[in-house]
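Values in this text are rule-based calculations from the coordinates and carry no lab data. Here the structure is a predicted model, which is why all the values come from computation and not from measurement. Reconstructed Cβ throughout: ideal geometry from the backbone, glycine too, with neighbour counts over all protein chains shown.
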Amino acid sequence: MNLEQRSSGVLLHITSLPGPHGMGDFGPAAFHFVNWLVSAGQSVWQWLPTTPIGPCDSPYQSVSAFAGSPMMVALEPLVQSGWLAPPVLPADGFEAQRVDYARVVPWRLDQLRAACSGFMARASVVQRDEFASWCKQEQHWLDDYSLFMALETAHGGQPWWDWDEPLRRRDPAALNAVRLEHAQEIDFWNFVQWCFDLQAASLKSYANARGVFIMGDLPIFVAHHSADCWARPDFYLLDDAFQPTVVAGVPPDEMGPEGQRWGNPLYRWDRMAAEDFAWWTARVRRALAQANVFRIDHFRGFAGYWEIPASCPTAMEGSWVPAPGKALFAAIASALGPLPIIAEDLGLITPDVIELRDGCGFPGMKILQFAFGGDGSHEFLPHNYGPHCVVYTGTHDNETARGWWAHAKPRERAFAGAYLAAGDEDLHWAMIRAASNSVANMAVFPLQDVLGLDASHRMNLPGSTEGNWAWRFDWRMVGNEPGRVLGLITAASGRGPIELLHLPNA
């Protein structure tokens, strides 16, 4: 994908897609959404991280930086392959417009276990060979992940630092013994990841063939309870009991007077550098196997990050610590070539962050909702953009456009109304039009904004732990008009096919 060309896209996480099985996945609705994007003139589909969800159902606190979410594995292809009987839904079904993770996750895992049993019993020789070949190809991360998941299951979800000492310290003899003991469970997690990769690749291929490129999302940090941290504890600032001495977060700002204490362990950058950042290269290689381009979350943390003492309950006490910066991305680019990365450069951005972003040649982000708190010189107002950026009406962490308008300060609402020439009914379209008509090379809009939905459809509220990541849509909410209007705006702004304007002949 050429990040220098004008393009337009929609932000919609896979889990937000419609479907009968409790949450969105790589099934028929995903392919139908690609077709809808094409009809609306869009060339980018942005996802949130596709790694397994963690605490509070967050895709940013995963048990693996490499694995795919088992919940995104569609069941229909498993039925078609003859490995799974058509699933029987719970008597009261699942919600259509929210993901009830407490009910959906165990039900879907049961279906995947049944499909794995069906594969082991009925797979052809060719299918078994393909599975074995894939496992060997991905063993550099897969072996640790599947063993970690098997042990987590055996320990009833206990964190790895509470496992028996030989296991938490990865004694080779102990690991060999549990590999034999839990071989069937390891096979299950391998099978699920194979299915994820097959389905993700199929969807990406389908989208790319129709001119739609996939934008992924790469979190900067990993979770403490993760296969990554367990496999290489020497890469993290942990004490002798494998507990973080310092944790990640961001300092207090307008969004949060106590800052945000994420709690992720921080990297031992010196040890990663000693291995020429090979772990990062492997991680980016895997990300680019699933997406054409990816947004890298909390980019400023690669220039300098907020280090919080683990004993502090908030992010108020902390200090800025320098990160490896250009050396990291130079090492990755040396191995993989030019990196199609978009830098999430929001928050407290200092000159060193700008220097790193521009030195790497990565486009940054502009958020239109943030543009109206000052005057006409604000960097997020469209007339102040340069081409080398991506403009959003808002992200998954923001209100919907109409929700923002409803809750904006009177001064901000007045400024936005004057700048956009809009009001209650058309604010979302005015924002989309302003972003599309800007010189930014890429414009991206959450589907909630394309549909003009209110604050009740928000995806995530940073700093909160309940009710996030659950939003879904169904096709009755869409209809014909949003795609038609989005296509007109996209075509008129030079981001999509001019044919969508249906211009009369001269």
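Identify all lysines with a Cα-Cα distance to Lys204 below 24 Å; exclude those on the same chain that are fewer than 8 residues away in sequence. Filter leaves Lys136.
Between the stretch 1-76 and the stretch 394-434, how many Å separate their Cα centres? Here the two parts' Cα centres lie 26 Å apart. Under the shape rule built on the C-alpha gyration tensor, where the axes satisfy a ≥ b ≥ c, the stretch 32-151 is rounded, since a/c falls short of 1.5. The ranking of Glu138, Glu317, Glu499, Glu307 by Cβ neighbour count inside 10 Å, starting from the fewest, reads Glu499, Glu317, Glu307, Glu138.
Phi angles across the stretch 346-352 convert, under the Karplus curve 6.51 cos²θ - 1.76 cosθ + 1.60 with θ = phi - 60°, into 3J(HN,Hα) values of 9, x, 7, 9, 9, x, 5 Hz, Gly and Pro given as x. Taking packing as the residue-averaged number of other Cβ atoms within 10 angstrom, the listed peptides 340-353, 48-61 run from highest to lowest as 48-61, 340-353. Relative contact order for the stretch 4-129: 25 percent, from Cα pairs under 8 Å spaced at least 6 residues apart, divided by residue count.
For Ala327 and His140, a Förster radius of 22 Å and the Cβ-Cβ distance give a FRET efficiency of 0.45, rounded to the nearest 0.05. Reducing the stretch 302-376 and the stretch 85-102 to their Cα centroids gives an inter-centroid distance of 39 Å. For the stretch 1-51, the relative contact order works out to 47 percent when only alpha carbon pairs closer than 8 Å and six or more residues apart are counted. Rounded if a/c is under 1.5, else prolate if a/b beats b/c, else oblate: with a ≥ b ≥ c from the C-alpha gyration tensor eigenvalues square-rooted, which is the stretch 251-314? Oblate, because a/c is 1.5 or more while a/b does not exceed b/c.
Just tell me which lysines come within less than 23 Å, Cα to Cα, of Lys409; anything on the same chain fewer than 8 places away is out. Lys409 reaches Lys366.
Shown is the FRET efficiency for Phe31 and Leu336, computed with R0 = 35 Å from the Cβ-Cβ distance and rounded to the nearest 0.05: 0.75.
If the chain linking Ala414 and Ser311 were pulled fully straight, counting 0.36 nm for each residue of separation and taking away their Cα-Cα distance, it would gain 32.7 nm.
Mean separation of Cα pairs under 8 Å and 6 or more residues apart, divided by the residue count, gives the chain a relative contact order of 19 percent.
Apply the a/c threshold of 1.5 to the C-alpha gyration tensor of the stretch 281-397 and tell me whether it is rounded, prolate or oblate. In terms of gyration-tensor shape, oblate. Summarising the strand pairing of the stretch 253-395, around 40 percent of its internal DSSP beta bridges are antiparallel. Averaging the Cα positions of each part gives two centres, and for the stretch 104-159 and the stretch 172-195 these lie 8 Å apart. By DSSP, the beta bridges lying fully in the chain are antiparallel in about 40 percent of cases.
Going by neighbour counts of Cβ atoms within 10 Å, the residues Lys136, Lys366 line up, fewest first, as Lys136, Lys366. Taking amide H as placed 1.01 Å from N in the peptide plane, the amide H of Phe213 sits under 5 Å from that of Val44, Trp45, each at least 5 places away or on another chain.
Working from label points 7 Å from Cα in the Cα-to-Cβ sense, the Ala183 to Ala406 distance is 5.8 nm.
Any idea what angle helix 101-122 forms with the longest principal axis of the chain, computed on alpha-carbon atoms, 0 to 90 degrees, nearest 10? Long axis of 101-122 versus the principal axis of the chain: about 50 degrees. Seen against the Cα atoms of the chain and their longest principal axis, helix 172-181 is set at about 90 degrees. Multiplying the residue separation of Ser39 and Leu237 by 0.36 nm and subtracting their alpha-carbon distance yields 66.4 nm.
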